[in-house]
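Worksheet for the structure shown next.
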Amino acid sequence: MTVAVLKNRAGEPVPQDRIEEFRTQIRGDFILPGDAEYDNARSIWNALIDKHPGAILRCQGTADVSAAARFAISNNILVSVRGGGHNVGGRAVCDDGLVIDLSNMRAVHVDPDAQTVRAQGGALLGDVDRETHQHGLAVPLGVVSQTGIGGLTTGGGFGWLARKYGPACDNVIEAEVVTADGSIRTASANSNPDLYWGICGGSGNFGVVTSFLYKAYPLSTVLGGMIAYPRDAAPEILRGYRDIMSRAPDELTVYSALLWGPDGTPLIALVPCWIGDDKEAGRQAIQPLTEIGEPLVADVQEMPFPAMQSMLDAAYGPGSRNYWKSAYLNALPDEAIDTIVAQSKGMTIPGSGILIEHCAGAAKSKMNGDNAFAQRGHDYLIAILPLWTDPSDDADQIAWARTMHDAMKPFSTGGTYLNYLGADEDSAIETAFGENLSQLKEVKRKYDPTNFFSANANIAP
């Protein structure tokens with residue numbers, strides 16, 4: 001059994017008197033190994049990750065975050081930052097160091113007149129949706145309601161609204177950020193604009209974002225649901241999907257997925273979401289997706305946007321083991337479709353999936369350098385998502401994801417989606433940040449010259 005102790009980066013235990021002094025400076029729960037809550041507090045969504053922090057601080061506010069940063073830097077302690085704990089690479093936790101846990105900081109305030117939303121850094125998508133829906137508004141975020149807004153936004157943030165309004169990072173107006181020295185800074189176009197540029201797509205490299213101010217857009221109900229075909233029809237369905245989406249309006253987002261039915265039946269599914277006001281136009285746009293072949297299920301209906309946001313939650317619940325790979329494609333030629341279908345035969349455990357996201361639209365309306373998010377010029381994002389529960393399957397499932405990723409390289413741009421980086425993919429960070437990497441290093445040198453924030457998709461200063 002692993003027994004963790006709070007240590008500095010040299011592997012030396014932090015003196016107890018310094019820990020006790022720190023505890024007098026904070027309001028949040030300070031959880032240590034051996035405490036009843038410790039194992040629950042160190043657990044995250046991806047069960048493949050099993051780390052043992054030396055201490056976990058469940059912060060009660062920005063002052064706690066600032067105190068934690070000062071304590072950690074003065075004692076040379078490794079820190080990780082936990083928002084929703086939904087990062088597949090497990091970067092929310094660390095061994096022996098201090099976890100700055102924002103999970104108690106989930107307040108959301110909506111200004112319906114200004115159409116803006118202030119959300120604390122530990123909020124989940126579902127927290128934001130619950131509040132904004134009361135005002136007939138929505139913020140462009142992701143597609144699974146348990147996801148934390150912090151990691152999603154600083155990594156880009158594709159979701160149902162991105163084709164119309166851009167990814168989450170493009171909709172940040174302002175953020176409150178605790179930097180490596182414990183300072184509390186405002187990041188916006190007019191205040192620390194370089195820090196603002198960096199947090200909008202540069203991951204957690206520059207500080208802890210304790211709150212975001214987002215743009216919001218009028219939206220109450222959507223047309224959404226699922227259209228499922230037999231898996232052996234996948235080549236035909238994916239070709240039809242590609243052709244339909246090539247001319248689809250930005251109000252329509254459709255994800256396609258090779259997945260499994262509840263009874264283990266292999267399927268090819270299309271998941272549409274129409275966010276436009278004209279629902280009849282939406283029905284006409286979605287209808288061709290039901291006519292590519294003979295669907296087993298074609299269940300599309302008007303629903304509240306929060307219901308659409310939580311529709312995929314069950315597929316990505318906690319407790320399973322996950323290892324993800326991703327690739328951007330500028331197009332989806334027949335050869336790429338045939339490769340996806342061929343590689344899907346190695347996907348043997350129900351629950352696993354291959355997700356194809358059509359991510360063009362508004363994300364392409366900005367230049368790569370407008371903020372730190374550098375993956376804009378692509379029409380498709382392929383996510384390879386093995387999911388399993390038995391540790392004895394680890395090697396086979398990871399090997400399948402890597403094999404498929406390699407098979408997609410002839411069609412890929414070489415880019416990687418930051419939010420899909422696995423635990424062992426530090427070498428892919430350059431492909432995620434792309435042409436923005438040199439500017440990101442400049443921002444890193446200014447705000448975190450010692451690489452204090454390093455347990456992330458790290459940019460070395």
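Here are the numbers for the structure shown:
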| quantity | calculated |
| --- | --- |
| Wholly within the range 261-350, helices (runs of 4 or more DSSP H) carrying at least 2 residues that are polar (S, T, N, Q) and under 30 Å from residue 44 (Cβ atoms) | 334-344 |
| Qualifying residue in the range 436-444 (condition: over 22 Å from residue 81 (Cβ atoms) and basic (Lys, Arg)) | no |
| Residue match in the range 331-347 (condition: modelled with pLDDT under 95 and touching a strand residue (DSSP E or B) at 6+ places or on another chain (Cβ under 6 Å)) | no |
| Residue satisfying all of: in the range 14-43; under 33 Å from the mean Cα position of the chain (by Cα) and of a type in the set (Lys, Arg); least open to solvent (accessible area, probe 1.4 Å) among these | 42 |
| Failed condition for residue 421, given (1) within 16 Å of the chain's Cα centre (by Cα); (2) farther than 27 Å from residue 335 by Cβ | (2) |
| Single match in 351, 317, 361 (criterion: farther than 30 Å from residue 50 by Cβ and at pLDDT below 95) | 361 |
| Single unsatisfied condition, residue 394 versus (1) more than 30 Å from residue 194 (Cβ to Cβ); (2) open to solvent by 40 Å² or more (accessible area, probe 1.4 Å); (3) in a helix (DSSP H, G or I) | (2) |
| Subset of the range 52-75 [open to solvent by less than 20 Å² (accessible area, probe 1.4 Å), under 30 Å from residue 394 (Cβ atoms) and in a loop (DSSP other than H, G, I, E, B)] | 53, 54 |
| Pair list, Cβ < 7 Å and 6+ apart or interchain, from the range 221-250 residues that are at positive phi to residues that are of a type in the set (A, V, I, L, M) and not in a helix (DSSP H, G or I) | 225/300 |
| Residue that is modelled with the highest pLDDT [pool: residues in the range 403-420 that are open to solvent by 30 Å² or more (accessible area, probe 1.4 Å) and among the aromatic types (Phe, Trp, Tyr)] | 411 |
| Helices (runs of 4 or more DSSP H) enclosed by the range 142-232 - at least 3 residues per element that are over 24 Å from residue 308 (Cβ atoms) | 193-199 |
| One residue from 450, 416, 403 being among the β-branched types (Val, Ile, Thr) and assigned to a helix (DSSP H, G or I) | 403 |
| Matching residues in the range 398-413 - criterion: being of a type in the set (S, T, N, Q) and within 16 Å of residue 425 (Cα to Cα) | 403 |
| The range 88-126: number of residues that are in contact with a strand residue (DSSP E or B) (Cβ under 8 Å, 6 or more places away or on another chain) and either open to solvent by 10 Å² or more (accessible area, probe 1.4 Å) or assigned to a loop (DSSP other than H, G, I, E, B) (or both) | 26 |
| The range 272-328: number of residues that are among the β-branched types (Val, Ile, Thr), buried (at least 23 other Cβ atoms within 10 Å of the Cβ) and over 16 Å from residue 220 (Cα atoms) | 1 |
| Top-ranked residue in the range 7-51 [being in a helix (DSSP H, G or I) and in contact (Cβ under 8 Å) with a residue 24 or more places away in the chain; ranked as farthest from residue 103 (Cα to Cα)] | 18 |
| Search result, residues across the range 201-243 that are modelled with pLDDT under 95 and open to solvent by 10 Å² or more (accessible area, probe 1.4 Å) | 203, 204 |
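Yes/no per residue for (1) more than 17 Å from the chain's Cα centre (by Cα); (2) open to solvent by 10 Å² or more (accessible area, probe 1.4 Å); (3) under 30 Å from residue 451 (Cβ atoms); (4) touching a residue at least 24 places away in the same chain (Cβ under 8 Å):
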{"position": "129", "(1), (2), (3), (4)": "no, no, no, yes"}
{"position": "150", "(1), (2), (3), (4)": "no, yes, yes, yes"}
{"position": "156", "(1), (2), (3), (4)": "no, no, yes, yes"}
{"position": "161", "(1), (2), (3), (4)": "no, no, no, yes"}
{"position": "170", "(1), (2), (3), (4)": "no, yes, yes, yes"}
{"position": "176", "(1), (2), (3), (4)": "yes, yes, yes, yes"}
{"position": "186", "(1), (2), (3), (4)": "yes, yes, yes, no"}
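The values are calculated or read from the model by the stated rules, or taken from the named source; none is laboratory data. Quantities reported herein were computed from a predicted structural model and do not represent experimental measurements. Using ideal geometry, Cβ is built from the backbone for each residue, glycine included, and neighbour counts are taken over all protein chains shown. With ligands, DNA and RNA removed, areas are computed over all heavy atoms of the protein, side chains included. Shrake-Rupley method; radii C 1.70, N 1.55, O 1.52, S 1.80 Å.
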